Amino acid sequence: MRQGATGFTAAAGTQRAPGRVGTLLLAPLVAWALLFVVAPAAIMLVYSFLERGTLGGVLWERATLENYAGVGNPVYLRIVLRSILYAGITTALCLAAGYPVAYLIGRANLRYRNLLLMAVMIPFWTSFLIRTYAWVTILKSQGFLNSSLLALGLIDQPFEMLYTPGAVIVGLVYTFLPFMILPIFTSVEKLDGALIEAALDLGAGPLRAFSRVIVPLTSPGISAGVLLVFVPALGIYAVNDILGGGRVDMIGNIIENQIKGNARNWPFGAALGTALLFSFAVAYYYVNRRQRVAEGRA
Amino acid sequence: MRRFEWMRWMAVAAFAALAACGGEEKPAAPAEGAASPAEPPAGGELNLFAWSEYLPQGVIDEFTAESGIVVNYEQYASNEEMLAKLTSGAVAYDLVQPSEYTVEAMVKEGLLLPLDKTKLLNLKNIGQEYYGRAHDPELTYSVPYMQGTVGIVANTEKIKQPVTSYAEVFQAKHEGRIVVLDDSREVVGWALASLGLDANDVTPENLEKAKPVLAKWLPLVKVYDSDSPKTALLNGDVDLGVVWSGEGAILINEGGGKFSYTLPSDGAHMFIDSLAIPKGAQNLAAAHQFIDYLLRPEVSVKISADFPYTNPNVEARKLLSEAERANAASYPPGSPKLTTFKDLGAAAADVDKLFTDMKAQSGS
């Protein structure tokens with residue numbers, strides 16, 4: 001990794017090690033992470049190598065790789081790939097829709113900035129499930145959208161929207177959009193306007209200034225947003241059940257069904273979860289590396 | 001910079017975990033303040049673990065008012081979820097509500113305590129037909145709470161011909177107009193029944209036979225929903241459904257007469273959800289008292305009013321209104337062919353895999 005090429009990485013590279021007080025302040029976070037992140041992940045990893053118990057749970061008799069053979073089964077592999085596709089489309093749409101919004105909020109007059117930011121966060125005041133069910137009311141065949149379109153004469157019979165892949169994507173984008181806007185906003189807010197002016201003064205067109213100056217400088221926000229959207233979008237299953245009618249399973253549905261459904265196959269669920277966690281790790285690694293490369297070049 | 005890498009990592013992982021949990025609303029434990037201000041005269045607390053949407057809060061509140069026993073009501077959405085939480089041992093539940101195949105499995109594994117029938121004076125209200133069933137013939141461990149079936153609901157404004165069998169539901173002309181339970185055991189069971197096979201006879205050969213049936217059926221389905229299949233029917237997004245009888249009964253009541261409920265002639269699934277006391281229960285006295293309270297005809301009939309399944313309490317049935325008794329979903333006429341599920345053991349995973357596989361192939 002090339003360091004010190006810009007003020008950015010240099011500052012990050014020379015960050016002081018936390019002192020004793022700092023370490024102490026970190027302790028609750030570390031304990032929380034160990035207890036609720038590392039320990040469950042470790043249990044999941046161990047379970048993924050065990051055998052299925054008759055009433056759910058696991059048998060401790062012997063270790064097996066069978067569960068991972070199941071993960072590689074085309075049936076489940078196809079579901080994993082489809083989940084990645086849905087999460088990818090969701091991330092791309094969130095980025096396309098969220099970046100301009102984040103940019104406008106970040107560059108807005110300070111007086112309006114907090115107000116706009118509040119508007120992004122207001123949906124969080126209501127339960128995620130209620131907001132998703134609200135989409136059912138909008139999208140159903142005799143719903144708000146169809147009756148509006150019919151009244152306007154734009155369509156002459158109800159358009160099938162609910163229980164389609166499109167409805168799932170709409171629900172996912174709606175759910176995760178704020179997670180894209182907020183980190184990008186943070187990057188945009190820190191953006192030095194003088195650098196953009198300099199780019200324009202030195203002959204870069206608006207497009208070039210955007211792609212060579214603005215995007216690289218906001219890339220930490222972009223990669224954070226991409227991760228915050230892609231990772232949970234890959235695992236979520238409620239949106240798929242409610243808006244997609246459960247017609248195609250997502251990987252989250254399959255895992256749920258191993259624990260809470262008929263299958264009662266915890267080790268297989270754990271193996272799927274471990275595989276998912278592993279793919280998160282890979283995704284994180286690549287995004288992070290790209291970001292470092294981008295920073296190095298800037 | 002590297003130093004903080006792992007923390008960002010964890011933040012992301014924790015976030016993912018939180019988001020994944022978002023699919024389920026945790027029922028809040030009843031506030032302590034809900035108890036009578038004075039010390040409860042007897043009994044203390046009862047940890048009840050029961051199906052969601054199956055027990056009216058009013059019935060619980062009246063029990064607390066009468067007995068002073070505080071009921072901590074936690075809910076689950078599947079037998080398997082209940083088993084998972086029960087066997088984890090995190091909470092000592094005093095009373096659970098398993099379906100018959102789960103009663104069978106729990107008895108087999110020694111997870112249920114025999115009931116003290118001297119404390120269940122109202123047990124006599126349970127109909128004779130609920131004795132002699134394979135999962136618990138003498139009602140040693142379980143008391144029937146509600147019985148239900150899985151049958152065909154049709155919107156008769158849209159579906160003109162009678163639909164009386166699985167094959168008639170899953171016809172090409174009904175494509176995109178069908179809601180079914182999102183439940184592998186159910187759907188695979190229907191396929192077996194339509195072939196004249198026993199829904200409990202889950203052998204690799206029979207599953208192989210069910211495969212082409214499912215390959216034909218599943219592409220026709222518009223919605224899979226076990227929680228509230230009535231919603232899609234009420235909204236007019238589908239016209240046909242194979243759903244729980246309780247949902248069917250509500251549709252008959254609320255649909256303005258346009259919904260019909262028919263048990264498939266090839267053989268329908270019948271379930272009996274029971275009350276049972278799990279091993280490790282702390283308050284046996286309160287658990288028995290609550291079961292006996294629910295067995296009172298005047299209490300049981302209130303449950304029927306909210307959740308119109310078939311009430312196994314014959315004394316309570318006498319208190320039902322004419323309309324309630326005439327509801328074909330709650331009290332199916334005639335003598336239909338009904339099958340209860342048996343515990344499948346390890347084969348449950350095979351059934352689930354087949355369903356997942358066929359569903360994945362049917363989807364776009």
Top-ranked residue of the range B:204-226 - restricted to ones that are away from chain A (no Cβ under 14 Å) and touching a residue at least 24 places away in the same chain (Cβ under 8 Å), ranked as surrounded by the most Cβ atoms within 10 Å (Cβ to Cβ): B:Ala210
Lone unmet requirement of (1) touching a strand residue (DSSP E or B) at 6+ places or on another chain (Cβ under 9 Å); (2) surrounded by fewer than 17 Cβ atoms within 10 Å (Cβ to Cβ) for A:Leu162: (2)
Leading residue by the ranking (surrounded by the fewest Cβ atoms within 10 Å (Cβ to Cβ)) among those in the range A:258-272 that are out of contact with any Lys or Arg (no Cβ under 8 Å at 6 or more places or on another chain) and at pLDDT below 90: A:Ile259
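For every residue, the table says whether it meets (1) at the interface with chain B (Cβ under 10 Å from one of its Cβ atoms); (2) hydroxyl-bearing (Ser, Thr, Tyr).
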residue	(1), (2)
A:Val248	yes, no
A:Gly252	yes, no
A:Gln258	yes, no
A:Gly261	yes, no
A:Gly269	no, no
A:Tyr284	yes, yes
A:Arg289	no, no
A:Arg292	yes, no
Residue in the range B:205-221 that is in contact with a strand residue (DSSP E or B) (Cβ under 7 Å, 6 or more places away or on another chain) and over 18 Å from B:Lys353 (Cα atoms) present: yes
Criterion: facing chain B (nearest Cβ under 10 Å), buried (at least 23 other Cβ atoms within 10 Å of the Cβ) and hydrophobic (A, V, I, L, M, F, W, C) - qualifying residue of A:Leu228, A:Leu243: A:Leu228
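Condition check ((1) touching a Leu at 6+ places or on another chain (Cβ under 6 Å); (2) assigned by TED's automatic domain parsing to the domain that holds B:Asn235; (3) touching a residue at least 24 places away in the same chain (Cβ under 8 Å); (4) among the hydroxyl-bearing types (Ser, Thr, Tyr)) across all residues:
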{"position": "B:Met106", "(1), (2), (3), (4)": "yes, no, yes, no"}
{"position": "B:Lys158", "(1), (2), (3), (4)": "no, yes, yes, no"}
{"position": "B:Pro162", "(1), (2), (3), (4)": "no, yes, yes, no"}
{"position": "B:Glu168", "(1), (2), (3), (4)": "no, yes, no, no"}
{"position": "B:His174", "(1), (2), (3), (4)": "yes, yes, yes, no"}
{"position": "B:Leu192", "(1), (2), (3), (4)": "no, yes, no, no"}
Lone unmet requirement of (1) away from chain A (no Cβ under 14 Å); (2) surrounded by 18 or more Cβ atoms within 10 Å (Cβ to Cβ); (3) hydroxyl-bearing (Ser, Thr, Tyr) for B:Thr102: (1)
All helices (runs of 4 or more DSSP H) inside the range B:292-364 with 3 or more residues being out of contact with any Gly (no Cβ under 8 Å at 6 or more places or on another chain) and either at pLDDT below 95 or in the same structural domain as B:Pro219 (by TED's automatic domain parsing) (or both): B:322-326, B:347-362
Given (1) of a type in the set (Asp, Glu); (2) in a loop (DSSP other than H, G, I, E, B); (3) at negative phi, number of the condition B:Glu66 does not satisfy: (2)
Number of positions in the range A:130-164 that are within 19 Å of A:Gly245 (Cβ to Cβ), without any contact (Cβ under 8 Å) to a residue 60 or more places away in the chain and not in a loop (DSSP other than H, G, I, E, B): 8
Candidate set from the range B:126-149 (those that are of a type in the set (S, T, N, Q) and surrounded by fewer than 21 Cβ atoms within 10 Å (Cβ to Cβ)); member that is farthest from the other protein chains (Cβ to nearest Cβ): B:Gln128
Residues of the range A:165-203 that turn out to be acidic (Asp, Glu) and either assigned to a loop (DSSP other than H, G, I, E, B) or within 13 Å of chain B (Cβ to nearest Cβ) (or both), as a count: 1
Residue in the range A:92-143 that is farthest from A:Ala238 (Cα to Cα), counting only those that are among the basic types (Lys, Arg) and within 14 Å of another protein chain (Cβ to nearest Cβ): A:Lys140
One residue from B:Ala232, B:Ala285 being in the same structural domain as B:Pro312 (by TED's automatic domain parsing) and in contact with a Lys or Arg (Cβ under 9 Å, 6 or more places away or on another chain): B:Ala285
Condition check for A:Ala275: under 16 Å from A:Ala87 (Cβ atoms), surrounded by fewer than 24 Cβ atoms within 10 Å (Cβ to Cβ), more than 9 Å from chain B (Cβ to nearest Cβ) and under 18 Å from the mean Cα position of the chain (by Cα): yes
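The values are calculated or read from the model by the stated rules, or taken from the named source; none is laboratory data. Model, not experiment: these values are computed from the prediction. Quick reminder, even Gly has a Cβ in these numbers, built from the backbone with ideal geometry, and neighbours come from all protein chains shown.
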